[in-house]
Structure formats: C-alpha cells, structure tokens
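First the structure, in the form of structure tokens, and then the observations on it.
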Amino acid sequence: MAQPSHMHNTFSKAQLRELYDETAPGYAQAEWVLNYLIGLHGLRRRLFQQAAGRVLDVAAGTGANLPYLSADCQVTAVDLSPGMLAKAEEKAHKLGVQLEARLMDAEALAFPDGTFQTVISTLSTCTFPDPVRALQEMARVCQSNGRILLLEHGRSSWPLFGRYQDRRAQAHYERAGCRWTQEPQELAAAAGLRITRATRHRAGVFHVIEARP
Ligand SMILES: C[S@@+](CC[C@H](N)C(=O)[O-])C[C@H]1O[C@@H](n2cnc3c(N)ncnc32)[C@H](O)[C@@H]1O
C-alpha cells in the first residue's frame with residue numbers, strides 16, 4: 001500500500017504554499033535536528049556524492065541539499081513556496097554556489113524531457129498531493145542514463161513505532177501536511193522508476209532510494 005488508503009488529501013497547493021511560507025523562517029532548526037540529531041547529514045552526504053552535471057532538486061525547500069552537491073554541478077531548485085526558495089537562494093549565496101531557483105509545481109515540471117543528468121528530492125513525497133505524478137515528472141525530466149536520488153520517509157519498520165504512526169497519521173497530516181505512514185519504495189515503483197538500490201535507516205523510517213528513470 002503505497003499511500004495509506006484511509007487518508008485523504010485535504011491540503012490544496014495554495015494551502016501547502018502558505019504552510020511552507022510560514023515554516024520558512026524557522027526551518028533551519030528543523031533542518032539541524034534532521035541532519036545532526038536524526039543523522040540525515042551522513043545519508044545526504046553519501047547519496048549526493050553521485051550527483052553530477054545538471055542537477056534538479058525538486059521541492060528543494062530552503063536548500064538543505066546544497067552543501068552536499070559538488071561544486072561542478074549546475075543546480076536548479078524548484079519549490080512551491082517563495083518563502084522556502086528565498087532561503088535557498090540565501091544559502092546558495094552564503095555557500096558561494098550558483099543556483100537557479102524557480103517557483104514550480106513538482107507535479108508539472110516546466111522542463112523538456114531529459115533535461116537533467118541527476119534529479120534529487122528529499123523529504124518531499126509525503127507532502128505532494130499526487131506523489132506518483134511528481135515522481136513520474138522527475139523521471140521524465142531525467143536523462144535516460146541519468147540518476148534519480150531520493151531521501152524520503154515513511155512508516156517505520158519497527159512494529160510498535162509503525163502502529164503509533166498509524167494511530168496519529170490523520171492528526172499528523174492535518175497539522176503538518178505530511179503523510180508519515182506512506183511507503184516511499186512502493187511509490188517509486190508505482191511511478192515506474194527502476195530502483196537500483198534502496199536502504200532503510202533510523203527505525204526504518206528513512207529511505208535512501210537510487211533509481212533510473
Ligand atoms: C519538508 S520540506 C523538504 C524540503 C527539502 N527538500 C529538505 O530536505 O529540507 C517539503 C517541501 O516541499 C515543497 N512542496 C510541497 N508540495 C510541492 C509541490 N507540489 N511542488 C513543489 N514543491 C512542493 C514545500 O514547499 C517544502 O519546501
């Protein structure tokens with residue numbers, strides 16, 4: 001079950017934009033907790049060593065992935081929220097990296113087929129109203145010999161924690177716009193991505209997925 005069937009999308013894209021515009025000023029704290037307390041720093045570092053060439057970061061938020069991309073990459077970041085993207089531009093400026101930041105819906109990417117050598121996305125599919133559509137878009141804009149690199153989260157493989165997430169799923173979604181009991185590998189497979197490597201981390205909540213379009 002890629003998407004929990006008992007859950008319904010109640011957030012429109014306009015509401016998601018508003019939610020993340022409000023979140024943007026304080027998101028650096030969440031980013032720090034995720035990277036250094038939960039340990040996503042190491043996962044991002046290892047995963048994005050493989051990013052090369054023209055790179056698209058889908059739902060890039062405040063640019064959490066920018067520090068992990070090699071200076072040789074030409075990076076484009078897209079997101080629905082102007083507030084989050086403005087922070088990404090600030091981060092790029094501080095890091096001294098060139099960034100093309102564009103307001104865009106992940107489910108309708110305004111790029112021709114095969115534009116990017118690498119497409120990356122992190123902690124995003126839980127929020128997209130139609131995550132399979134967004135993953136298909138990532139595959140479409142990725143070159144046929146390119147890579148899609150994802151760091152996502154879902155239902156824990158630890159039974160007790162998984163059941164806790166089930167009980168709180170609707171309340172969590174209504175508060176944060178995040179479906180935390182989704183199954184990211186199943187979503188990627190449903191979108192037709194060819195998964196070449198997938199690993200789970202931190203109580204099986206976080207998924208590192210390497211795929212080909
Ligand atoms: C939890 S944040 C993750 C941000 C970043 N990737 C990270 O790892 O910190 C989710 C991001 O998805 C963006 N988002 C949600 N729905 C979107 C959509 N349909 N198209 C583009 N971005 C979207 C939000 O604005 C937000 O910046």
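The values are calculated or read from the model by the stated rules, or taken from the named source; none is laboratory data. Remember, it's a predicted structure, so these values are computed and weren't measured experimentally. With ideal geometry, Cβ positions are generated from the backbone for all residues, glycine too; neighbour counts draw on all protein chains shown. Remember, those area values only see protein heavy atoms, side chains included, never the ligands or the DNA or RNA. Shrake-Rupley method; radii C 1.70, N 1.55, O 1.52, S 1.80 Å.
Placing unit charges on each Cβ (+1 for Lys and Arg, -1 for Asp and Glu) gives the range 47-128 a dipole about its Cα centre, and among His93, Leu109, Cys73 the Cα reaching farthest toward its positive end belongs to His93. Using C-alpha pairs under 8 Å with a sequence gap of at least 6, the mean separation divided by the residue count of the chain gives a relative contact order of 21 percent.
Suppose all protein chains stay in the model; what accessible area per residue would a 1.4 Å probe give for the chain, in Å²?
46
Think of each Lys and Arg Cβ as +1 and each Asp and Glu Cβ as -1; about the Cα centre, that makes the dipole of the range 13-212 roughly 680 debye.
3J(HN,Hα) along the range 78-85, derived from phi through the Karplus expression 6.51 cos²θ - 1.76 cosθ + 1.60 where θ = phi - 60°, amounts to 10, 7, 7, 9, x, x, 5, 5 Hz, with x in place of Gly and Pro. Accessible-area rank, largest first, for Val97, Val205: Val97, Val205, with all protein chains present and a 1.4 angstrom probe.
First compute the accessible area of the range 1-100 with a 1.4 Å probe, then give the percent of it belonging to carbon and sulfur atoms. With neighbouring chains kept in place, the figure for the range 1-100 is 55 percent.
With helices as the sole contributors, the chain gives -11000 deg cm²/dmol at 222 nm; each DSSP H run of n ≥ 4 counts as -39500 (n - 2.57), and the sum is divided by every residue. Backbone geometry of the range 187-192 corresponds, through the Karplus equation with coefficients 6.51, -1.76 and 1.60 at θ = phi - 60°, to 3J(HN,Hα) couplings of 5, 4, 5, 5, 7, x Hz, x marking Gly and Pro. When Ser81, Ser144 are compared by accessible area at a 1.4 angstrom probe, the order from most to least is Ser144, Ser81. Per-residue surface analysis assigns Lys87 an accessible area of about 70 Å², computed on protein heavy atoms at 1.4 Å probe radius.
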